[in-house]
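The values are calculated or read from the model by the stated rules, or taken from the named source; none is laboratory data. Note that the structure is predicted; figures quoted are calculated from it, not measured. In this analysis, Cβ positions are derived from the backbone assuming ideal geometry, glycine residues included, and neighbour counts consider all displayed protein chains.
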Amino acid sequence: MIRTPTTFVIGAGASKPYGLPTGRELRNSACEFKAKTDLYQLVQGVSQKPEQLTSFLEDLRGHTAKSIDAYLLATLKRRR
């Protein structure tokens, strides 16, 4: 038995059997996010900097990463 509070970090694919998307599916969903939808307007409306959503999606769509995980890792490395 684990006595010390412990957090396990697992990849997105591990929760696929429970109906959650994989990293690839998350990337594809984000790339298909349309500016004219109510959801897009809602997300942009609650953002402190709405232009960041547009900038993020443009960068993601033009990136070669195959999953959201790979995109985030590449973005982190680019900023260092």
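Computed quantities for the displayed model
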quantity	calculated
Among residues of the range 48-80, those that are more than 22 Å from Lys36 (Cα to Cα), of a type outside the set (S, T, N, Q) and exposed (fewer than 14 other Cβ atoms within 10 Å of the Cβ), counted	8
Residues of the range 1-33 classified as modelled with pLDDT under 75, part of a loop (DSSP other than H, G, I, E, B) and of a type in the set (A, V, I, L, M), total	3
Filtered residue count, the range 59-76, keeping only those that are closer than 13 Å to Asn28 by Cβ and in contact with a His (Cβ under 8 Å, 6 or more places away or on another chain)	1
Residue selected from the range 26-52 under the condition touching a helix residue (DSSP H, G or I) at 6+ places or on another chain (Cβ under 8 Å) and without any contact (Cβ under 8 Å) to a residue 12 or more places away in the chain, by the criterion nearest to Ser67 (Cα to Cα)	Lys34
Residue pairs meeting the criteria (Cβ under 7 Å; at least 6 apart or on separate chains; first within 13 Å of Phe56 (Cβ to Cβ), in the range 69-80; second part of a helix (DSSP H, G or I))	Tyr71/Arg27; Tyr71/Leu60
